[in-house]
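Undergrad: I am attaching a structure below and will ask some questions about it afterwards.
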Amino acid sequence: MVSKTASNPTSNRSRAVVLLSGGMDSCVCAALAARDHRAAAVHVSYGQRTEERERRSFENICDRLEIRDRLLVRNEALRAIGGSALTDSSIAVPEAHPPGATTPPGIPVTYVPFRNAHFLAVAVSWAEVLAAEKVYIGAVEPDSSGYPDCRPEYYRAFNEVVKAGTREGTIRVVTPLIAMHKREIVTLGLELGAPFDLTWSCYRREDRACGVCDSCVLRLRAFSEAGAEDPIAYAEGAARLR
């Protein structure tokens, strides 16, 4: 675990912690947190396929948004547990299904079991130390992959745990994007000046985004529907999806 702290003690703005994976949604959350609070950002590496690339995005986004307080944590449990294509190399990351195709029932293999609980536990603990009043997370329910830990009822329940299990019971996990469609998140991010050019969403690659995994396709579709150009580089062959 590595932490970096460079707080401004003269600031009277309220504190907030934002979980920043380096992806599109968490980047917009970070821009909101930095706009409205004295933000601190936490990033959890958990042995995912694109671990190094996501960490680099985290650092670059923090630099651009001038978020000085940062916490980088490595979680060994999620990779050891496995059960996800993101943490187990023996499970292939599937290509997204084309529009109109029947989507297989059930939770996709890219779901990391109960991942957000691990992330939120770290963020809430740090929020207690920093006397922060909010923890931001970029969970999204519409236009998403159907992960169970991205549903509103999950966060309502988690906030009850935070209320019961923290010293003051006043920290609140907030999900400002949870009811938004991906195109709306892109539009909001552009209005905020969120640095989309520094983000990484691909499940498969760290050099150029593959353009065919579920995360890439959702992102490409969102930018297209918002009438904007996705600023990151995609692998050859992905242009047909844009």
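Undergrad: Between 132, 123, which is modelled with pLDDT of 95 or more, surrounded by 21 or more Cβ atoms within 10 Å (Cβ to Cβ), assigned to a loop (DSSP other than H, G, I, E, B) and on the phi < 0 side of the Ramachandran plot?
TA: Numbers: 123 fails: assigned to a loop (DSSP other than H, G, I, E, B).
None of the other options fit; the residue is 132.
Undergrad: Please state which one of 92, 96 is more than 16 Å from the chain's Cα centre (by Cα) and modelled with pLDDT of 95 or more.
TA: Values: 96 fails: modelled with pLDDT of 95 or more.
Answer to the selection: 92.
Undergrad: Now for a separate question. Mind listing whichever residues of the stretch 170-217 are buried (at least 21 other Cβ atoms within 10 Å of the Cβ) and touching a Pro at 6+ places or on another chain (Cβ under 6 Å)?
TA: Across the stretch 170-217, the qualifying residue is only 196.
Undergrad: I need a count of the residues in the stretch 167-203 that are of a type outside the set (Gly, Ala, Ser) and under 17 Å from residue 135 (Cα atoms).
TA: Keep residues of the stretch 167-203 that are of a type outside the set (Gly, Ala, Ser), which gives 167-168, 170-178, 180-188, 190-192, 195-200, 202-203.
In the following step, the residues that additionally are under 17 Å from residue 135 (Cα atoms) were identified as 167-168, 170-178.
Here the count works out to 11.
Undergrad: Turning to a different aspect of this structure: One residue is enough: does the stretch 227-234 have a residue meeting the conditions free of Cβ contacts under 8 Å to residues at least 24 places away in the same chain, of a type in the set (D, E, K, R) and part of a loop (DSSP other than H, G, I, E, B)?
TA: Applying the first criterion (free of Cβ contacts under 8 Å to residues at least 24 places away in the same chain) to the stretch 227-234 yields 227, 229.
Then drop every residue that is not of a type in the set (D, E, K, R), which leaves 229.
This time we only want the ones that are part of a loop (DSSP other than H, G, I, E, B), so: 229.
The answer is yes; a qualifying residue exists.
Undergrad: Next up: For the condition among the small types (Gly, Ala, Ser), modelled with pLDDT of 95 or more and farther than 29 Å from residue 84 by Cβ, what is the one hit in 45, 7, 14, 57?
TA: Numbers: 45 fails: farther than 29 Å from residue 84 by Cβ; 7 fails: modelled with pLDDT of 95 or more; 57 fails: farther than 29 Å from residue 84 by Cβ.
It is 14.
Undergrad: Related question: Within the stretch 143-169, track down each residue that is without any contact (Cβ under 8 Å) to a residue 40 or more places away in the chain, surrounded by 14 or more Cβ atoms within 10 Å (Cβ to Cβ) and not β-branched (Val, Ile, Thr).
TA: Passing the criteria: 146, 149, 150, 151, 154, 155, 159.
Undergrad: Something else now. Kindly indicate whether any position in the stretch 218-226 is in a loop (DSSP other than H, G, I, E, B), free of Cβ contacts under 8 Å to residues at least 40 places away in the same chain and surrounded by fewer than 21 Cβ atoms within 10 Å (Cβ to Cβ). Give the derivation first.
TA: Keep residues of the stretch 218-226 that are in a loop (DSSP other than H, G, I, E, B), which gives 226.
Narrowing the set further to residues that are free of Cβ contacts under 8 Å to residues at least 40 places away in the same chain leaves none.
Looking for residues that are in a loop (DSSP other than H, G, I, E, B), free of Cβ contacts under 8 Å to residues at least 40 places away in the same chain and surrounded by fewer than 21 Cβ atoms within 10 Å (Cβ to Cβ), one finds none in the stretch 218-226, hence no.
Undergrad: Filter the stretch 141-160 down to residues that are within 15 Å of residue 106 (Cβ to Cβ) and in contact with a strand residue (DSSP E or B) (Cβ under 8 Å, 6 or more places away or on another chain), then give me how many there are.
TA: So the answer is 0.
The values are calculated or read from the model by the stated rules, or taken from the named source; none is laboratory data. In this text the structure is predicted, and so the values were computed from the model without any measurement. Note that we place each Cβ from the backbone using ideal geometry, even for glycine, and neighbour counts take in every protein chain shown.
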